[in-house]
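The values are calculated or read from the model by the stated rules, or taken from the named source; none is laboratory data. Model, not experiment: these values are computed from the prediction. Heads up, the Cβs are rebuilt from the backbone with ideal geometry, glycines too, and the neighbour counts pull from every protein chain shown. We work out accessible area using only protein heavy atoms, side chains counted, and drop any ligands, DNA or RNA first. Shrake-Rupley method; radii C 1.70, N 1.55, O 1.52, S 1.80 Å.
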Amino acid sequence: MSDSEYKIPDQKELEKELNEYLGKKYGDRIRLVVPMLFPKHQTEEVSKEEKEPGGGKGKIHFDLKPEELEAYLNDYVIRQEDAKEILATKVCTHFNSIQFTEMTQGRSRYEGVGRIKNNILMIGPTGVGKTYLIKLIAKKIGVPFVKGDATKFSETGYVGGDVEDLIRDLVYEANGDTELAQYGIIYIDEIDKIASSNNLVGPDVSRTGVQRGLLKPMEETEIDLKVPHDPISQLEAIEQYRKSGKREKKTINTKHILFIMSGAFTGLEEMIKKRAHREGMGFGAEIHSKTEGAEYLKEVKAEDLITYGFESEFIGRLPVVAVFEKLEVEDLYAILKNPNNPITLGKKKDFKAYGIDIQFEDEALYEIAVRAGEEKTGARGLVSAVEKVLLKYEKRLPSTDIRKFVVTPAVVENPDRELEQLLRDPTNPEMLTQFEALRSREEKTVKESILSRETEYEKRYGVVFPESRIDLVAHRVIEKGYDVNTAFEEVVKVQRQAEELERDFERKLGISLRFNDEAIDRIIEIIFSEDRKGTTLFSRLSKDYEYGLELIREKTGQKEFTMPREAVDDPEGYLNRMIRDIYSRQSDQRLEGKG
């Protein structure tokens, strides 16, 4: 596209165009007066190096390995082993390959030529964790993430700017950092909805148009970040020109943006069956029972997806396919039993917002799973089933003094009756005893789960956790309704702050300061109990320690100090006792010398 198409309008043209836009939207109530623009005398175009995201310097720092990412996903997602393996492997390979390519950039004139990006297609019924998995991955690796629905595109016919808007949204998610945005993930759900219908006479232009609109971004193209019909973009262009005098065309390259598509693909299984039946006709044909039907999706080929309604060019840009399995009742129960599951954790947080703690009996969780299974919507049915059971409790209990209750099978079976019983006898000793037993067991279960994977957590966070620290993590999970990784991250953050304080003393004062494990545990307890970030506590400890330790060093020459729990609870008293002991010993030594 030539530069003339991006010609900066003069003041009158700009004022007229913007006022026409505002008039259509707001009537005659608003008019805009554009001030005179005086660009600097610097009209040269932006250099190619300046325009390219990053200017040749990579910004991605990625060191995850497939097994590490898969282990992280296993913390949250039940079953779907094949899909987790594929996603963890291909996502890690994608970002590690980008990093490696940037390290070797310029060494080969053919670098990247013909390379196919590992865009991913996920196939599986609703509620099996497709979107959840991608959100977990994006959160873990820390890249910009945008989610869009293909149904939105199909409603607009030919896509136009809609697909490109997803790219621009990546820049927004990256806080305007185009260099970071070019390493983002775009996730498009309901992709099966843009498959052209096989029962139409003639081409289904609206849906094939959407597919074609995605072809270039999925491979590599330059997307203009300025939208010609957007007055805000034009104002930004004017402001940029006024400041620098440069006519800058801001673009983002999609070469490294990973596209992940997903859909339920209803009816695809039958197409695969027919194809398999044709291929297996004759005396040597393998006979499949109806119960094996779910396995057919794992045999999906490009030709099946083309038959389903996708263009071959589109499918060619999705070389990696991950198939998700349908969830049965036992799987739904396992989800509810998972200490990291967002369903019971979310519901506990809902009640904790009112100062109410709830516990679930295992039998109650199984009954909820059975009811969710009847809805045929996978894990989404769990949310609906839990809400049906607890909605009236959530309404009534905040207005009472009840602060603890147990969700039993009877509560699941007849919520109304059990709610009235709880309101009549809120301090039932049997119920309260049961609550404490379930809470204690839950904390023990969380701790056992952590200990069984202790080496993995230590590798993941680069920190050795004594058992007392693991107790704190387990307690935090139960107390706040956090998932295990969130609780670990909080603990690790406090440990890092303690290490930073130790380094500050070494760097500024030449004093080697170390907290022992009991002291670290106490610091974590204090910060957790006060629900604050810890900055205030460490600042206070630093001030309290500085004068006392310097005084001790001057008197004794001692430069190494190990701080116990007492030095955290009462730093002033602890240091005063140390100083008194020093003076006392020195006084005794003087008396002995005189004697």
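Side notes on the structure shown:
- Counting only residues that are assigned to a helix (DSSP H, G or I) and either within 30 Å of residue 477 (Cβ to Cβ) or not aromatic (Phe, Trp, Tyr) (or both), the range 295-351 holds 33 of them.
- Filter pass, residue 393 being under 22 Å from residue 422 (Cβ atoms), of a type in the set (Phe, Trp, Tyr), modelled with pLDDT of 90 or more and not in a helix (DSSP H, G or I): no
- Verdict on residue 411 being open to solvent by less than 50 Å² (accessible area, probe 1.4 Å), within 30 Å of residue 545 (Cα to Cα) and touching a residue at least 12 places away in the same chain (Cβ under 8 Å): no
- Residues located in the range 500-518, provided they are over 16 Å from residue 559 (Cβ atoms), surrounded by 14 or more Cβ atoms within 10 Å (Cβ to Cβ) and within 32 Å of the chain's Cα centre (by Cα): 501, 517
- Pair list, Cβ < 6 Å and 6+ apart or interchain, from the range 567-580 residues that are free of Cβ contacts under 8 Å to residues at least 12 places away in the same chain to residues that are charged (D, E, K, R): 574/566
- Within the set 174, 195, the sole residue that is at pLDDT 70 or above, open to solvent by less than 60 Å² (accessible area, probe 1.4 Å) and closer than 30 Å to residue 98 by Cα turns out to be 174.
- Identity of the residue in the range 479-493, open to solvent by less than 10 Å² (accessible area, probe 1.4 Å) and of a type in the set (A, V, I, L, M, F, W, C), that ends up nearest to residue 355 (Cα to Cα): 487
- Criterion: out of contact with any Asp or Glu (no Cβ under 9 Å at 6 or more places or on another chain), open to solvent by 70 Å² or more (accessible area, probe 1.4 Å), modelled with pLDDT of 60 or more and not hydrophobic (A, V, I, L, M, F, W, C) - qualifying residue of 247, 242: 242
- Inter-residue pairs, beta-carbon under 8 Å, first in a loop (DSSP other than H, G, I, E, B) and open to solvent by 30 Å² or more (accessible area, probe 1.4 Å) and in the range 144-168, second of a type outside the set (Ser, Thr, Tyr) and modelled with pLDDT under 85, 6+ apart: 156/162; 158/205; 158/209; 158/210; 158/213; 160/213; 161/227
- Taking the criterion of being modelled with pLDDT of 90 or more, small (Gly, Ala, Ser) and open to solvent by less than 60 Å² (accessible area, probe 1.4 Å), the residues of the range 438-478 that qualify are 468, 474.
- Scanning the range 523-552 for residues that are among the basic types (Lys, Arg) and open to solvent by less than 60 Å² (accessible area, probe 1.4 Å) yields a count of 0.
- Yes/no for residue 388 being part of a helix (DSSP H, G or I), within 24 Å of residue 125 (Cβ to Cβ) and open to solvent by 30 Å² or more (accessible area, probe 1.4 Å): yes
- Residue, most open to solvent (accessible area, probe 1.4 Å), within the range 318-371, restricted to residues that are touching a strand residue (DSSP E or B) at 6+ places or on another chain (Cβ under 9 Å) and over 19 Å from residue 391 (Cα atoms): 319
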